[in-house]
Amino acid sequence: MREILLRSLGEARTFPVRSSRPLARRMAAQLGIAAPPSAPVPYLQAAETFARDHGWPVVLTREGRTGGDRVRVCVDSTDLRAAYAALTQEDETPRNAKWALRYAFWSLMTGFHLTGDLTRPLQDGALLAIEAMAPGRPATYTAVSYDGRWLGGIAAVAERVHPPGSGASSAVRLLHDPAMTDAARKLVGRLGFTGFSGLDFMRDEASGQLWFLKFNARPTPLSHLGRLAGGDLCTALMAAVTNAFPVQPRAFHETTVALFPQDWARDPDATDRGMEHLDMPEDDERLLATMQAQLPRRA
C-alpha cells in the first residue's frame, strides 16, 4: 500500500511546487514558459503598489484554499481592498481531532516518508500573491503522465465561465494547441508527475501568446473527454503502467462541449446551450437525477 501511494503521488520533493501558484510560476519561467508578472503580498500597500505599477485589472490569490474562494479579480482600489479583507480572513473550519487522526494515519501509512513534504507551508512568507491580468481567453490543458513522461492531453479554451470573472469553464471548445502541449510536457517532466493533471492558461487568440497561470495536480473536468479529442487518456495511462504499446492519437476536429453540471448550474433551465456536445452522465440515471435535483440550489 505504501509503495502504491508513493508512486501515485509522484516526485515527493515537488509536491509544494504543484500545490503553489507562485512556485509553479517560478518553475515555469525557468522552463521558458511565459507567465504574467506577479508578486507576494505581505500587506495591502504592496498590492496597491503593484496595481499602480502594472495597471488594472489585477488578480489577488491566496494559498491553501481551493476553487474561486482563493481567486479575486479586482478592477479598482475598492475591489482590491475588499478582496484583501476577504482573503486574509482565517478559514472557518478549524483543524480538529478528526483531522489529527487522519494526519497520523496517513503519516504511518507512508512510513513517515512524506510528512515534511506534504505538510510544510507551501511557500515562505506571504499567503497572498497578486498578478497582472493577462489578456485573452481562459484556456486549460488536461494531461496524463507517468513518472514525468507525458502520455497525452486535451486542450480547450473557454466559451463560457460560471460565475463570470474568476469562475470555472462551463462550456469549452476542444482544439489542437501545440504550445499548451509543449508546456505540459515540460512541466510534468520537471515535476516527475504521475497521473492526471490540469494546467490553466490565458490564451490570446489574436497574438497567439499563451500565459501560464497554475498547475492542478488532480483530474480536471476534461479528463474523460478523450473520445472527442483524439484518444482516451485512461487508456494511455493503462498502457504505460502495463508496459503495453503506446496508444496512437486519432485525428479530430475542433468541437464544443457544454460541461455538466457546470453549465447547468449557470442556467438550469436553458433549452439550447449552443454546443455540439452535452456532457451529461446519461448512462447513470440515478447520478443524473440526483445532480439535476441539486442544480437550482447550486445556481
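Computed from the coordinates by the stated procedures, all read-outs in this text should not be read as laboratory data. Keep in mind that what you see is a predicted model, and the values were worked out from it rather than measured. All Cβ positions, even for glycine, are placed from backbone atoms using ideal geometry, and neighbour counts span all protein chains on display.
A few remarks follow.
- Report note on the peptides 73-83, 147-157, 211-221: ranked by the mean count of other C-beta atoms within 10 Å, highest first, their order is 147-157, 211-221, 73-83.
- Cα-based shape type of region 181-299, given that a ≥ b ≥ c are square roots of the gyration tensor eigenvalues and the cut on a/c is 1.5: prolate
- Alpha carbon centroid spacing (whole Å) that separates region 244-265 from region 166-229: 12 Å
- Burial ordering of SER170, SER20, SER145, fewest other beta-carbon atoms within 10 Å first: SER20, SER170, SER145
- Sequence of HIS277, HIS253 once ranked by neighbouring C-beta atoms within 10 Å, starting from the fewest: HIS253, HIS277
- SER107-GLU282 FRET efficiency (beta carbon distance; Förster radius 45 Å; 0.05 resolution): 0.60
- Ranked by how many other Cβ atoms sit within 10 Å of their own Cβ, fewest first, the residues ASP279, ASP269 fall in the order ASP269, ASP279.
- Report summary: the helix-based calculation at 222 nm, which adds -39500 (n - 2.57) for every DSSP H run with n ≥ 4 and divides by the residues of the chain, gives -10000 deg cm²/dmol.
- With at most 14 other Cβ atoms within 10 Å, longest stretch of the chain clear of loop GluC sites (Glu not before Pro) (DSSP): 93-204
- Three-way shape call for region 224-294 based on the alpha-carbon gyration tensor, with the a/c threshold at 1.5: oblate
- Compared with the alpha-carbon gap, the fully stretched path from GLU254 to ASP204 is longer by 16.3 nm at 0.36 nm per residue.
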